[in-house]
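Asks: Okay, here's the structure, questions in a sec.
The values are calculated or read from the model by the stated rules, or taken from the named source; none is laboratory data. Computed from a predicted model, the values in this text were never measured in an experiment. We place every Cβ from the backbone using ideal geometry, glycine too, and count neighbours over all the protein chains shown.
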Ligand SMILES: C[S@@+](CC[C@H](N)C(=O)[O-])C[C@H]1O[C@@H](n2cnc3c(N)ncnc32)[C@H](O)[C@@H]1O
């Protein structure tokens, strides 16, 4: 499952549509998440499902933290390792290949773990949250950002493209809170960032239109009719069916 899901993000079309940061709100929302999780220059930070490492680089450069990024995709990690730090003076994050369900780190070894736009992709959300809790020290913080659903997604938003855009596996805010609580986190705070999601879905639709008009889009057959999916998605988000959230919690 990890390999299937990770390989979706290796398609050239995904980067063409999303740019280097594979979550709504880009680095601006990463800064917000890092601040909410109280990342400081003393923090040892794990970025779970770090993709090509844009958030890890920003946290190392702007917060001065020591950062390890892990992801299942060898392809994304190669991209991460070959990209220079966000600022010449900052230390480079380290990147490690690992499935989020089996984090190869000692218990209690991180102050903060973040996971952006990925919890909704994992087959076992509970297992990954349990792993994250294990690698955090007591008093350590988790910071996640993800899609949520306020009502069930319509049929047209359950295919592969919706999965790439994270709608496929999203759950409600109450479900995220419950999963975090059951994984043993306390002082959970959840904030909505819905405009970032709406902006991203509009940007992706415009980009898709110009790529298809110029014949530059290499679209997998399984994506069906992407323009109709993207229009439905935008409408679903703007009518309050889905949103994007930041959640932080503390390991007791
Ligand atoms: C939507 S992208 C988000 C990437 C990055 N967090 C960001 O915001 O730019 C999802 C990432 O999750 C990774 N992934 C999916 N399933 C995984 C798993 N089970 N373990 C580790 N990484 C996984 C994919 O390879 C991909 O890089």
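Asks: What are the pairs with Cβ atoms under 9 angstrom where one residue, in segment 97-116, is over 11 Å from residue 70 (Cα atoms) and in a loop (DSSP other than H, G, I, E, B) and the other, located anywhere, is near the ligand (Cβ under 9 Å from one of its atoms) and modelled with pLDDT of 95 or more? Sequence gap at least six, or different chains.
Replies: Final answer for the pair search is 101/128.
Asks: Going through 45, 128 one at a time, which residue ends up being more than 9 Å from the ligand (Cβ to nearest atom), surrounded by 21 or more Cβ atoms within 10 Å (Cβ to Cβ) and in contact (Cβ under 8 Å) with a residue 24 or more places away in the chain?
Replies: Details: 128 fails: more than 9 Å from the ligand (Cβ to nearest atom).
Among 45, 128, only 45 is more than 9 Å from the ligand (Cβ to nearest atom), surrounded by 21 or more Cβ atoms within 10 Å (Cβ to Cβ) and in contact (Cβ under 8 Å) with a residue 24 or more places away in the chain.
Asks: Same structure again: Does residue 247 satisfy being buried (at least 17 other Cβ atoms within 10 Å of the Cβ), in contact with a strand residue (DSSP E or B) (Cβ under 8 Å, 6 or more places away or on another chain) and closer than 30 Å to residue 108 by Cα? Break it down stepwise before answering.
Replies: Details: buried (at least 17 other Cβ atoms within 10 Å of the Cβ): yes; in contact with a strand residue (DSSP E or B) (Cβ under 8 Å, 6 or more places away or on another chain): yes; closer than 30 Å to residue 108 by Cα: yes.
Answer is yes for this residue.
Asks: Still on this structure, please answer the following. Working only within segment 11-35, note down all residues that are buried (at least 19 other Cβ atoms within 10 Å of the Cβ) and part of a loop (DSSP other than H, G, I, E, B).
Replies: Listed by number, the residues that qualify are 21, 22, 23, 24, 25.
Asks: Take segment 162-186 and flag every residue that is crowded, with 20+ Cβ neighbours inside 10 Å, more than 13 Å from the ligand (Cβ to nearest atom) and farther than 14 Å from residue 143 by Cα.
Replies: Matches in segment 162-186: none.
Asks: For the condition within 12 Å of the ligand (Cβ to nearest atom) and more than 16 Å from the chain's Cα centre (by Cα), what is the one hit in 102, 57?
Replies: Criteria check complete, one pass: 102.
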